[in-house]
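Student: Starting off with a structure, shown below.
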Amino acid sequence: MTQPYYRDLGGLTFESTTHAQGAWNEHEQHMAPASALLTHVIDGEFAKPGLRISRLSFEIYGIIHAGQFGVRTQVLRPGRTIELVQADMICGDRVAISARAWLLATSDTADISAIEDAPMQPLAVAAEWNGMSPWPGGYIESLEFRTLGEPRPGARQTWLRSQHPLVGNGEVSPLAHLVRLADTANGLSGREHPDRLLYPNVDLQIHVHRLPQGEWLGIDGVQQYGPDGVGLTSSILNDELGPFARTEQILTLRRR
């Protein structure tokens, strides 16, 4: 059996495996699977018929230490049609990540559905790519990449997937399945080589206008640097049906 990113130890306690290993430090978790694990917990704790996650907001407070950790959940704003919930990842004695999710009531709006974001070219025309090799860590090694068009520093369109399960037992939602890849956008869209510049993100914001499906995530991303050490990675997320979400990641820029 393919090893998962996390082992579920019960009671909202989990343990990361080598596949969750981060790219900046070998003793930390990558934000991508960590954000998916918190999405999975929110799904399990707060899922209700007729309500769905519409926005996920992750605040990263520091190194996400590898190994065993717990998750704490709470309802911040209860409601039948609009609800705000929170899930905190607790590593040792501190909160490493706080995730907030807005749950909104669903209704039939198929007759007025309209998407302005341009869809990516299909997976069938994408080429195999190993350009993430400068990035170390078990998480990056767990992924498969396909690239589109002529990328340039600061902009890239990429299809990616992982065949490792998120957790060792139980099913995860299609949203959590693809959220575990979304934070990869920052590395894919890099303007500078990581040997010259560190540009970790301190947050991840995902606005979901359609629930996704499938194994592959398409990331149409751009990265921009301001003049005072702050940057931004912005992406349109696609599944094989087209765009379904947008993401933003604010960056701290630090020369090597």
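The values are calculated or read from the model by the stated rules, or taken from the named source; none is laboratory data. Quick caveat, the model's predicted, so the values are computed rather than measured. Neighbour counts are summed over all protein chains in view; Cβ atoms, including those assigned to glycine, are modelled from backbone coordinates with ideal geometry. All accessible areas refer to the heavy atoms of the entire protein, side chains included, with ligands and DNA or RNA removed. Shrake-Rupley method; radii C 1.70, N 1.55, O 1.52, S 1.80 Å.
Student: Give me the percent of the accessible area of the chain that comes from carbon and sulfur atoms, probe 1.4 Å, all protein chains in place.
Tutor: 49
Student: Mind pulling the per residue volume of the convex hull built on the Cα atoms of region 5-44? Å³ is fine. Please list the in-between numbers first.
Tutor: On the way: hull volume 2.3 nm³, N = 40.
Cα-based convex hull of region 5-44, divided per residue, equals 58 Å³.
Student: Could you state the orientation-averaged shadow area of the convex hull built on the Cα atoms of region 12-99, in nm² to one decimal? Write out the running numbers ahead of the final one.
Tutor: Values: hull surface 23.0 nm².
Projected over every direction and averaged, the Cα hull of region 12-99 covers 5.7 nm².
Student: For region 52-200, what does the alpha-carbon gyration tensor say about shape, rounded, prolate or oblate, given a ≥ b ≥ c as the root eigenvalues, a/c under 1.5 as rounded, and a/b over b/c as prolate?
Tutor: In terms of gyration-tensor shape, oblate.
Student: For region 137-256, taking Cα atoms only, what is the radius of gyration to one decimal and the Dmax to the nearest whole Å?
Tutor: 14.5, 46
Student: Please compute the Kirkwood hydrodynamic radius over the chain, one decimal place, Å, based on all pairs of different Cα atoms.
Tutor: Working: mean 1/r = 0.0539 Å⁻¹.
One decimal place: 18.5 Å for the Kirkwood radius.
Student: Could you check which residue among Met89, Met31, Met132 shows the biggest mean-square fluctuation in a GNM of the chain with a 10 Å Cα cutoff?
Tutor: Per the Cα network of the chain with a 10 Å cutoff, Met132 tops the list.
Student: For the peptides 213-219, 181-187, what is the packing order when you average, over each peptide's residues, the other Cβ atoms within 10 Å and list the highest mean first?
Tutor: Details: 213-219: 20.1, 181-187: 25.1.
The packing order, highest mean first, is 181-187, 213-219.
Student: Kindly provide log₁₀ I(q)/I(0) values, in the same order as q = 0.22, 0.26, 0.32 Å⁻¹, from the Debye equation applied to equal alpha-carbon scatterers of region 51-96.
Tutor: Relative scattering, expressed as log10 I(q)/I(0), comes to -0.82, -0.98, -1.23.
Student: Under the Kirkwood approximation for Rh and a Cα-based Rg, what ratio Rg/Rh is obtained for region 78-125? Write out the running numbers ahead of the final one.
Tutor: Numbers: Rg = 18.3 Å, Rh = 15.1 Å.
Rg divided by Rh gives 1.21.
Student: How about region 73-152: which GluC sites (Glu not before Pro) there lie in a loop by DSSP and see at most 16 other Cβ atoms within 10 Å?
Tutor: Here the sparse-neighbourhood loop sites are Glu116.
Student: Could you do me a favour and compute the accessible area per residue for the chain, 1.4 Å probe, result in Å²?
Tutor: That works out to 48 Å² per residue.
Student: Counting alpha carbon pairs within less than 8 Å and at least 6 residues apart, what relative contact order, in whole percent, applies to region 6-109?
Tutor: 28
Student: Tell me the mean residue ellipticity at 222 nm calculated for the chain from its helices only (DSSP H runs of n ≥ 4, each -39500 (n - 2.57), averaged over every residue, nearest 500).
Tutor: Calculated from helices alone, the mean residue ellipticity at 222 nm is -3500 deg cm²/dmol.
Student: Which of rounded, prolate, oblate describes region 109-190, given a ≥ b ≥ c as roots of the alpha-carbon gyration tensor eigenvalues and a/c under 1.5 marking rounded, otherwise prolate only if a/b is larger than b/c?
Tutor: The shape class here is oblate.
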